[in-house]
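Down below is the structure, laid out as structure tokens.
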Amino acid sequence: MEYEEIIKRLRGIIESPIRRIAPEYISKIEKDYDNKRKKSKAMFEEAKKVIPGGLEHNLSLRWPFPITMDKTEGCYLWDIDNNKYIDYLMMGAPIILGHNYPVIRDAIIELIREKGPAHGVTSEWEVKTIKEIQKHMPWIEKFRFHQSGTEAVMSAIRVARTYTEKLKIIKIGGSYHGWSSEMVYGMHIPGTKSLEAHGIPKDYQKHVIEAPPNNEKKMRRIFQKAEEKGGGVAAVIVEPLGGESGTHPVKPGWNKFLREICDEYNSLLIFDEVVTGFRLSMGGAAEYFGVRPDLTTFGKIIGHGYPSCGGVGGKSEIMDVLAGGIEGIKKKAYTGGTLAANPITAMAAYYAIKEIARTNAVEVAGRAGDKITKGINELFEKFELPFVAWNYKSILHIETGAPLALKMTDNDFLNQLNERKKVMDEFGAALVTQGVHILAGSRGYTCIAHTDDVIDETLKAYETVLKWFS
Ligand SMILES: Cc1ncc(COP(=O)(O)O)c(C=O)c1O
């Protein structure tokens with residue numbers, strides 16, 4: 001679906017009355033949860049006593065209560081009550097080969113059995129893996145492992161400031177770049193600035209500027225102002241598909257514009273490819289859009305679900321400010337991490353990238369993404385629901401309540417946000433009762449194990465649930 005059409009359809013959702021699952025079906029969902037997920041319910045009661053809110057994972061479905069998972073295989077999950085689900089969360093993007101992929105699993109088991117999990121110094125797997133990354137992304141001349149996407153972003157920002165000797169970081173409103181103090185700014189919905197930044201002193205964020213998405217004029221003004229009296233722009237960091245993996249889609253030409261303006265002002269362009277690397281194409285979003293960033297951040301995507309994974313890569317000249325402990329290098333961006341580049345992570349990344357290429361996973365999962373999106377849109381039409389689905393290959397967006405499509409200027413913003421989030425939560429739970437597990441009911445990822453049969457089964461679940469809307 002084209003950008004303009006997505007934006008029009010999202011506005012259409014916001015401007016039409018909120019559609020909810022009918023109350024009788026809400027009770028049916030609650031009963032189904034209570035009857036079939038007794039162990040999960042009991043586990044949540046226990047968890048609440050020892051875990052704040054009873055839940056550690058932002059991506060878990062929460063209503064009526066979170067499900068405790070037990071086992072994974074291919075495109076399936078099983079919970080501790082032994083219910084089976086077709087999974088579209090896929091750990092929040094990294095799993096494109098299917099859960100518990102044998103080639104990676106067997107290599108890691110062998111590594112642990114024969115050599116032990118980690119030793120805190122260099123292993124041969126680092127260079128081997130970086131060479132695999134370079135085969136597909138030759139613009140990554142040097143690479144440094146970190147322990148998560150959050151850390152990779154912190155590192156990239158520090159590198160950018162050290163290298164350019166400039167101060168400001170421009171972040172696009174509504175984007176997610178992990179939870180570091182500077183990046184918990186302008187999250188989820190453009191314009192929210194420090195709304196979610198509790199426990200973070202204001203000073204920490206005073207050199208981050210939130211720019212509205214897709215607005216060249218405003219971006220140009222921000223650059224001019226920062227250069228005149230703000231210490232200059234060290235970098236613009238973006239999710240190249242748009243905020244929240246494309247929930248706020250980028251308009252055609254936007255990434256190219258960012259490349260040009262960064263060049264004009266000698267600022268760096270950082271692509272956060274935590275979700276898109278090796279999923280949108282083997283060369284990530286950089287290849288997909290034909291735009292080369294100066295720095296690229298990676299996270300879970302390169303470890304295919306094995307902990308603890310992240311890294312930053314880019315041009316040698318820039319990356320060299322990360323060199324640890326080498327004499328003669330004056331400017332140094334300090335980073336660390338005992339578990340960074342541990343053999344398990346580095347080896348998992350090596351086999352994951354090789355296997356993604358060998359199995360043509362980007363295209364295979366992408367075709368599954370096309371098929372399910374088309375099927376869901378046909379069902380929305382059949383039941384005359386004002387919802388919309390679109391996909392970027394294997395990255396799916398299925399908007400029902402569409403809370404993130406709200407603008408802060410929309411009528412009754414906070415109430416609408418809550419109501420629309422409820423629609424999404426209820427839809428996610430309704431799908432669970434039909435054996436489908438998807439991120440908050442609104443975002444999903446396909447893998448090579450989502451065959452035509454699996455998708456047909458998923459569409460049956462959607463058809464059942466969509467009939468429940470009043
Ligand atoms: C685009 C993006 N950047 C950064 C992160 C943070 O990565 P991590 O959860 O590994 O810290 C995420 C996590 O989902 C992400 O989607």
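The values are calculated or read from the model by the stated rules, or taken from the named source; none is laboratory data. A quick note: this is a predicted structure, and the numbers were derived from the prediction, not measured. All Cβ positions, glycine included, derive from the backbone under ideal geometry; neighbour counts span all protein chains shown. Side chains are part of the model used for accessible areas, which takes the heavy atoms of the whole protein and leaves out ligands, DNA and RNA. Shrake-Rupley method; radii C 1.70, N 1.55, O 1.52, S 1.80 Å.
Kindly indicate whether residue 293 is open to solvent by less than 10 Å² (accessible area, probe 1.4 Å), more than 13 Å from the ligand (Cβ to nearest atom) and under 21 Å from residue 155 (Cα atoms). So residue 293 passes the test. Does residue 87 fit the bill of being in contact with a Leu (Cβ under 9 Å, 6 or more places away or on another chain) and open to solvent by 70 Å² or more (accessible area, probe 1.4 Å)? For residue 87, the condition - in contact with a Leu (Cβ under 9 Å, 6 or more places away or on another chain) and open to solvent by 70 Å² or more (accessible area, probe 1.4 Å) - is not met. Only a single item in (1) in the same structural domain as residue 238 (by TED's automatic domain parsing); (2) under 30 Å from residue 293 (Cα atoms) is not met by residue 114, and it is number (2).
Applying a threshold of 6 Å to beta carbon distances and a minimum spacing of six or more residues, or different chains, the list of pairs starting in segment 72-101 at a residue that is more than 18 Å from residue 61 (Cβ to Cβ) and ending at one that is within 16 Å of the ligand (Cβ to nearest atom) reads 94/300; 94/301; 94/304; 94/305; 96/279.
Residue-level check: of (1) away from the ligand (no atom under 16 Å from the Cβ); (2) over 23 Å from residue 276 (Cα atoms); (3) open to solvent by 20 Å² or more (accessible area, probe 1.4 Å); (4) out of contact with any Ser or Thr (no Cβ under 9 Å at 6 or more places or on another chain), residue 202 misses just (4). The set of residues in segment 205-248 being at positive phi and more than 16 Å from the ligand (Cβ to nearest atom) consists of 214, 231, 232.
Applying the set (1) away from the ligand (no atom under 16 Å from the Cβ); (2) open to solvent by 40 Å² or more (accessible area, probe 1.4 Å); (3) of a type outside the set (A, V, I, L, M); (4) without any contact (Cβ under 8 Å) to a residue 60 or more places away in the chain to residue 181 leaves exactly one unmet item: (1). The selection criterion, being under 28 Å from residue 242 (Cα atoms), in contact (Cβ under 8 Å) with a residue 40 or more places away in the chain and acidic (Asp, Glu), does not hold for residue 320.
The residues listed here are 77, 61; of these, the one that is at pLDDT below 95, farther than 30 Å from residue 314 by Cβ and open to solvent by less than 40 Å² (accessible area, probe 1.4 Å) is 61.
Pairing each residue of segment 1-25 that is surrounded by fewer than 18 Cβ atoms within 10 Å (Cβ to Cβ) with any residue that is assigned to a helix (DSSP H, G or I), provided the two are 6+ apart or on different chains, yields C-beta distances under 6 Å for 18/419. Remark: pairs (first residue in segment 145-159, farther than 14 Å from residue 184 by Cα; second residue open to solvent by 10 Å² or more (accessible area, probe 1.4 Å) and within 9 Å of the ligand (Cβ to nearest atom); Cβ separation under 6 Å; 6+ apart in sequence or on different chains) = 147/308. Return a yes/no flag: does segment 425-439 have any residue that is open to solvent by 20 Å² or more (accessible area, probe 1.4 Å) and of a type in the set (D, E, K, R). Within segment 425-439 (the criterion being open to solvent by 20 Å² or more (accessible area, probe 1.4 Å) and of a type in the set (D, E, K, R)), the answer is yes, since at least one residue qualifies. Inspection of segment 119-127 finds a residue satisfying the criterion of being more than 16 Å from the ligand (Cβ to nearest atom), aromatic (Phe, Trp, Tyr) and modelled with pLDDT of 95 or more. Is it true that some residue in segment 277-286 is within 19 Å of residue 392 (Cβ to Cβ) and open to solvent by 20 Å² or more (accessible area, probe 1.4 Å)? The answer is yes; a qualifying residue exists.
Just one of the numbered conditions (1) within 14 Å of the ligand (Cβ to nearest atom); (2) within 17 Å of residue 154 (Cα to Cα); (3) modelled with pLDDT of 95 or more; (4) not in a strand (DSSP E or B) is not true of residue 271: (4). Can you name the number of the only condition in (1) over 22 Å from the mean Cα position of the chain (by Cα); (2) not assigned by TED's automatic domain parsing to the domain that holds residue 252 that residue 389 fails? Answer for residue 389: the failing condition is (1). Filtering segment 132-151 to residues that are more than 16 Å from the ligand (Cβ to nearest atom) and in contact with a helix residue (DSSP H, G or I) (Cβ under 9 Å, 6 or more places away or on another chain) leaves 132, 133, 135, 136, 137, 139, 140, 141, 142, 143.
In this structure, residue 190 qualifies as in contact (Cβ under 8 Å) with a residue 60 or more places away in the chain and within 16 Å of the ligand (Cβ to nearest atom).
Taken as a whole, segment 142-156 holds no residue that is surrounded by fewer than 24 Cβ atoms within 10 Å (Cβ to Cβ) and farther than 25 Å from residue 305 by Cα.
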